[in-house]
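Please read the structure below before turning to the comments.
Each reported figure results from applying straightforward, stated rules to the coordinates on display, with no laboratory input. Just so it is clear, the structure is predicted and the values come from calculations on it, not from any experiment. So basically every Cβ, Gly included, is an ideal-geometry build from the backbone, and we count neighbours across all protein chains shown.
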Amino acid sequence: MAAETARQFEALEAQARKIMFVFLNAGYEAVAPAIIQPAGVFLDAIGEELRARTYVFTDPDGHELCLRPDLTVPTCRLHLERNSGGKLPAKYCYNGAAFRFQAQSADKAHPREFRQAGIEAFGGSDRERAEAETMALVVEALKAAGLRSMKLRLGDLGLFRAILKAADMPPRWRQRLADQFWHHDEFHAELKRLATDPASTSRRIPKALAGALDPGKPEEAEQRLAEYLEREGIELIGVRGASEIAASLLARLADARSAPLAPAIVAAIERYVAVRAPARIAAERVKEIVREAGIDIGEALAAFERRLELLDKAGVEVETAEFSAEFGRALEYYTGFVFEVVAPGLGRLSPVAGGGRYDRLMKSVGAPDDVPAVGAAIHTERLLAAVTGEIL
Amino acid sequence: MSDPLILAVPSKGRLMEQTAEFFAKAGLVLRKTGSERGYRGEIAGLDNVEVAFISSSEIAANLKSGRAHMGITGEDLIREQVSDAAERVEFLAPLGFGRADVVVAVPRCWIDVRTMADLDEIAVSFRRAHGRWYRVATKYLNLTRRFFAEKGVADYRIVESLGATEGTPAAGTAELIVDITTTGATLAANGLRVLDDGLILKSEANLIASNAASWGPAAEAARRAIMARLAP
């Protein structure tokens, strides 16, 4: 239902004016990034899953382009273009079309062309304040558009990272668990492997090579690997060089020599990822879990609680907001706080708004360094349906 | 009389010859009507069948849309081009020719990558080192996405490749590939190796019926006649 009739179009426009009024009043500058985006930059940032739903095409000059599947990445590119490096603080708002392929079986809550109204804030130094402001402003805009009742969901990847950091384990295991956090089944499989049989992946290394490599002498590894490839008549092809492959093999051999992950730590991680409760109760539960495991994540917990206070002060009903440890939204670019707003009648798979912190996205679209960034967007067709009571 | 059955068969190459042999063994002789260079034909002695000689890559699309009632093509092409294959088409018989495996292959020098799980494990470190996801060259976009999703591999990027896919890792335009192989010799010659659990599909030519085509009495009768000859 992408504004198929004049009446729908007018209703969406009227709603967008109310939303944008809230954003503009809060000091966000209205921008209109390009609808057609270079596919390369965009797709490297979002991953193949969303790429499969992105309309990609080649223009007559042979350039690979796409119709933007969301407005966050285009706004990042706009910010980068305006001030090289993207370091200067800026706050933007927008209302515009985004496009995603939907399978033929998709329902009306998932149109292939839809309009997102959103905000993005770059370079804010007070992290929790910026996050609370983003969420509070989106909730205010939803209310201004007439949404009477909503359910809020929160997540915080910072808590998980803090637990990993405080728990005793080799740094590469931390990295691996953090990388796998997004993939539910793989994450649990990896946790189990580290707890029971960390040597398992080293057994797939050919014996002759495993014997030649010494995790205590990483500086020799590349040479040993090169010798092995030479002997076996294997050519080194592609950009992934011998040093990279050798480092990966060494990590596995080091895994084989490491003691398995302590049961208390495994239990703490598993209990943490299972936490799902109203936000304040969740904070208490997390405190209990880390206390029992004997690890300290005071700073991350303080940030979590401070954010709740700031949200509370800004008029967001945090008492009923649900915290879910595993909630990270489907897009992998989020790096910290995340939130989602679900409207009655539309269900969890069709949130009317969502957003969070994405500190690494600017770098992946071309900034020299990471830039602190928080943003959120409203799915305006769903919002209109929720407000008018039309069942999608 | 209602519309005839349209049978889509490959218009050239080894696949066309093998298809003709397959039908001939059952006493069904395919022959062209009109010019020898034309693309229309019939089966000698069978009424209500119109043979359409089309490029094998387009047969799947014809079965999907229902323009052809029956056709002969590789299972790989159906699985790739018809997302709801179970509803749109019916696999009537595997034919024992046109065999090819659709596989995931990586450079042989990737000693640390033997399985899809290994592939997943190096994704993030690859990105840290090179500033982008590794690229998978393939013409099987949908098969690749489905298989990688099943195996829990999400951090990659597909680059579409319509020919000489095996050469892309050495040329530096992709890091790994998803492609068909019969003996594995071409892969090896290009410095590639199939992952231990990298078999996506064992494909061969199949006789396939379209559920999307309009099956009138004449087409139904022709189908029964063909099937009776093939499986007496």
Check: C-alpha center region B:1-38 vs C-alpha center region A:17-81, spacing in Å is 50 Å
Can you find, among A:F57, A:L43, A:Q15, the residue sitting farthest towards the positive end of the charge dipole of region A:12-81, where Lys and Arg contribute +1 and Asp and Glu -1 at Cβ? A:Q15
Where the only charges are on Cβ atoms (+1 Lys, Arg; -1 Asp, Glu), what is the dipole of region A:145-205 about its Cα centre, to the nearest 20 debye? 120 debye
When the helices in chain A are scored as -39500 (n - 2.57) per DSSP H run of 4 or longer and the sum is shared across all residues, what 222 nm value do you end up with, to the nearest 500 deg cm²/dmol? -14500 deg cm²/dmol
Would you calculate, for chain B, the mean residue ellipticity at 222 nm contributed by helices, counting each DSSP H stretch of 4 or more residues as -39,500 (n - 2.57) and dividing by all residues, to the nearest 500? -10000 deg cm²/dmol
Report the charge-dipole magnitude of chain A in Debye, nearest 20, computed about the Cα centre from +1 at each Lys and Arg Cβ and -1 at each Asp and Glu Cβ. 620 debye
Of all DSSP beta bridges having both residues in region B:100-203, the percent classed as antiparallel (nearest 5) is 65 percent
10 Å Cβ neighbours from other chains, averaged over peptide A:243-254: 3
For peptide B:102-114, the mean count of other chain Cβ atoms within 10 Å per residue Cβ is 6
Taking each residue of A:227-236 in turn, how many C-beta atoms of other protein chains fall within 10 Å of its C-beta, and what is the average? 3
Ranking request for peptides A:253-263, A:363-373: highest mean number of other beta-carbon atoms within 10 Å first, then the rest in descending order. A:363-373, A:253-263
Residue pairs, from the table A:K192/A:K217; A:K192/B:K202; A:K165/A:K207; A:K18/A:K91; A:K91/A:K165, whose Cα atoms sit over 26 Å apart: A:K192/A:K217; A:K192/B:K202; A:K165/A:K207; A:K91/A:K165
If unit charges are put on Cβ atoms (+1 for Lys and Arg, -1 for Asp and Glu) and the dipole of the protein assembly as shown is taken about its Cα centre, the option from A:L152, A:T134, A:A166 lying farthest towards the positive end turns out to be A:L152
What fraction of the DSSP beta bridges in chain B is antiparallel, stated in percent and rounded to the nearest 5? 65 percent
Label region B:100-203 by shape, choosing from rounded, prolate and oblate, from the square roots a ≥ b ≥ c of the eigenvalues of the Cα gyration tensor; if a/c is under 1.5 it is rounded, and otherwise prolate applies when a/b is larger than b/c, oblate when it is not. rounded
Hits for chain A under the membrane-span-like helix rule (DSSP H, Cα axial span at least 20 Å, Kyte-Doolittle mean at least 0.5) are A:242-257
Sort B:141-153, B:86-98 by packing, meaning the average of other beta carbons within 10 Å per residue, with the highest value first. B:141-153, B:86-98
Cross-link reach list, lysines versus B:K64, counting only Cα pairs under 19 Å and skipping chain neighbours closer than eight places: B:K139
Calculated on alpha-carbon atoms, Rg and Dmax of chain A in Å: 23.7, 73
With +1 on each Lys and Arg Cβ and -1 on each Asp and Glu Cβ, how big is the dipole of region B:100-203 about its Cα centre, in debye rounded to the nearest 20? 240 debye
